[in-house]
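A short worksheet on the structure shown next.
The values are calculated or read from the model by the stated rules, or taken from the named source; none is laboratory data. Treat the numbers as computed from the prediction; the structure is a model and nothing was measured. Heads up, the Cβs are rebuilt from the backbone with ideal geometry, glycines too, and the neighbour counts pull from every protein chain shown. With ligands, DNA and RNA removed, areas are computed over all heavy atoms of the protein, side chains included. Shrake-Rupley method; radii C 1.70, N 1.55, O 1.52, S 1.80 Å.
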Amino acid sequence: MCGFDSERIASLAGDIGAAESTVALTGAGVSTASGIPSFRGEDGIWNEWDPNAFHRRRLDADPAGFWADRVDLRAALVGDDPEPNAAHDALAAMEADGHLDAVLTQNVDGLHTAAGSDRVVELHGTNRRVRCADCGATEPAEPAFEQARGGHLPPRCDCGGVYRPDVVLFGESLGDSALERAQRLARESDVFLAVGSSLSVRPAALLPRIAVDAGATLAVVNFDETPQDGAADYLFREDVTTVLPALSDRL
Ligand SMILES: [Zn+2]
């Protein structure tokens, strides 16, 4: 089952062509190809940065300090102004061609949307937006970061409320609506692509299982082993930027 060959790509493309619904779940492996450091693991951001600095409790107790650290974190994450890579582009092309219903992503960098994907479920929110903690208004993140960099800590909404990143912080649970949408899409899928995710952290650990239990064909594309490999009909231990363009080309 292991290894990258054009026959299995063609076979998977055939399954997708025959499917009524295909969805993709993407994880950190799709972002690292754009130069974004991963959050977990040996070289992960949370080995270098103290996660407690970005905990919900810190935001509540010390919003100015939270934002000062957040400015530094953002510089580390998007310092080189990352752009979508071939994997993002392939998924966007598959959607545009009618072969992909949705992208469910663990990533918060907004690169699927930047690549042109329209139907994206951002399970952990997005760093491209901020949200007012009082009135709930959402705004593009950059002006809030400009405020913060200029010494206006914490940045505030016109209503006076403190802005917060529109992501799921430590100490918070996933939003019900995004999770429910993702679970429904997984359940209704005929083909489920799990791409660049270790599939070890909820809800990513659950979604392929939901799809398989409902009868979907599962394809796993990841360099490292995942807990779902045994359930996979297709297993590609390959670079996501190689496999997805090859797949898109065959559709
Ligand atoms: Zn507000």
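Trypsin sites (Lys or Arg not before Pro) within the range 38-73: which are DSSP loop residues with at most 16 other Cβ atoms inside 10 Å? Before the final figure, lay out each step's value.
Numbers: sites: ARG40, ARG56, ARG57, ARG58, ARG70; in loops: ARG40.
Hits after loop and neighbour filter: ARG40.
Amide H contacts for ASP166 (H built 1.01 Å from N in the peptide plane; partners 5 or more residues away or on another chain; cut-off under 5 Å): THR126, ARG129, VAL130, ARG131. Most fluctuating residue of GLU188, GLU48, GLU20 in a GNM of the chain with Cα springs under 10 Å: which is it? So, out of GLU188, GLU48, GLU20, the one fluctuating most is GLU48. Counting only Cβ charges, +1 for Lys and Arg and -1 for Asp and Glu, the dipole size of the chain around its Cα centre is about 740 debye. Looking at the range 125-251, what % of the alpha carbon pairs are farther apart than 19 Å? The share of Cα pairs beyond 19 Å in the range 125-251 comes to 61 percent.
Tally Lys/Arg at +1 and Asp/Glu at -1 over every other residue whose Cβ is under 13 Å from the Cβ of ALA28; what's the total? That works out to -3.
The local environment of GLU142, defined by Cβ-Cβ distances under 12 Å, has a net charge of +1 under the rule Lys, Arg +1 and Asp, Glu -1.
Rolling a 1.4 angstrom probe over the range 102-172 with all protein chains present gives an accessible area of which 45% lies on carbon and sulfur atoms.
Sequence-ordered 3J(HN,Hα) estimates for the range 232-247 from the Karplus curve with 6.51, -1.76 and 1.60 and θ = phi - 60° stand at 7, 7, 10, 10, 10, 8, 9, 5, 4, 7, 9, 5, 5, x, 5, 5 Hz, glycine and proline given as x.
Within the chain, DSSP assigns beta bridges of which about 30% are antiparallel (rounded to the nearest 5).
ARG184 label point, 7 Å along Cα→Cβ, cut-off 20 Å on backbone N: hits in the range 205-239? In the range 205-239, the label zone of ARG184 (backbone N under 20 Å from the point 7 Å along Cα→Cβ) covers 206-216. Sorting the segments 193-200, 216-223 by their residues' average number of neighbouring beta-carbon atoms within 10 angstrom, most packed first, yields 193-200, 216-223.
Could you work out [θ]222 nm for the chain from helices alone, using -39500 (n - 2.57) per DSSP H run of at least four and dividing by all its residues? Round to the nearest 500 deg cm²/dmol. Walk me through the intermediate numbers first.
Working: 11 runs with 100 residues, N = 251.
Helix-only estimate at 222 nm: -11500 deg cm²/dmol.
Distant-in-sequence amide contacts of ARG156, defined by a placed amide H-H separation under 5 Å and a gap of 5 or more residues or a different chain, comprise TYR163. In the range 1-63, taking the dipole from charged Cβ atoms about the Cα centre, the farthest positive-side position among LEU25, PHE54, GLY41 is held by PHE54. Largest first, the extents of the alpha carbon coordinates of the chain on the three principal axes equal 57, 32, 29 Å.
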